[in-house]
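The values are calculated or read from the model by the stated rules, or taken from the named source; none is laboratory data. Bear in mind the structure is a predicted one, so any value in this text is a computation, not a measurement. When we count neighbours, we look across all protein chains shown, and the Cβ atoms used for this are built from the backbone with ideal geometry, even at glycine.
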Amino acid sequence: MRSKELVVRKATFDIEAGDFVGIVGPNGGGKTTLIHAILGILPIKRGSIRLFGKDISRFRQWERVAYVSQEAINFDTQFPLTVKEMVGLGRVRRGNLGRPLRKEDWAAVDSALEAMELTRLANRRIGNLSGGQKQRVFVAKALVRDPDLMILDEPVAGVDATTMERFYERISVLNQDRNITILLVSHDLMAVFCRMSKAMCVSRDVHFAKVAPDLDPNDLLRKGYGDHFHFVFHEHSCGVEQRH
C-alpha cells in the first residue's frame, strides 16, 4: 500500500455501548484498514475518530480495547505454552511485567476459559488444538483483560459451519451477558443479519445500518458489492426470524 493511498472514505457512523456490529464487504474493500484506523495503527487523512468520547489522538485507555487479528492463530505449532498459560498472557500489563500472576488474575483466566468453553482444554498445548479451538483461545486471551470494546478481524476464517456457528453463539453471549461492545469482521452474511445489532458494509465507502425487521440486507449489501451480486443466506440457529 502506498503511504498516501486513500483506502477508506465517507466513513460516518456511531457505535454505542453494547452494540454488536458486523463488518462485511468485498476483499480489498478496506475492512481491516478501517479497523486499524479505529485502533490508531493507521493514520487518518481527514475527519476524526472518537473512542469513549475522546479523540483518538488523546485516547490513552487502551486497556479498555481488545483486538484479535486475523493472523492471531498463525504461529509455530511447537509453541510450548498450554491454553491456560496463553490466556494468562492477556493479564500481563506494564504494571505487572515480570511479576507472577496473582490469584485474581488466574480467576479471571478461569472465567474467560469457561466463557469460551475451553476449560477442559486448559492444560493442553496450544499447538495441538484445532483451528477453531485456537481462535477461541485468542478471544479468551483478549477477554481476560475485561475490555469494554472487543474488535475481531475475521476470527472464524477457514473453519467448518458447525464450528463457526458455535463461535458466533459464544460471542453473542459475551455481548449480551457482559455488555461488551463488539466489532466483528465476517464473510458470514447470515450471522451478521441474524445475530448482530448493526451492520457495516465496507467497499472504500462505508455503508452503515441498524439491523431491524424492516431492513432488507440486500439493499445494504448492494451498496458495497454492486447491483449485479446475488446474495444467499444460509440457516442460523440464532432464534430470530430468518431472512432468505
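Brief remarks on what is shown
- From the options D153, D177, residue that is at pLDDT 90 or above, crowded, with 20+ Cβ neighbours inside 10 Å and among the charged types (D, E, K, R): D153
- Some residue of region 45-52 being surrounded by 10 or more Cβ atoms within 10 Å (Cβ to Cβ) and in contact with a Cys (Cβ under 9 Å, 6 or more places away or on another chain): no
- Scope region 22-45; condition closer than 19 Å to M196 by Cβ and aliphatic (A, V, I, L, M); matching residues: I23, V24, L34, I35, I38
- Condition check for G132: touching a Ser or Thr at 6+ places or on another chain (Cβ under 6 Å), at pLDDT below 90, surrounded by 15 or more Cβ atoms within 10 Å (Cβ to Cβ) and not aromatic (F, W, Y): yes
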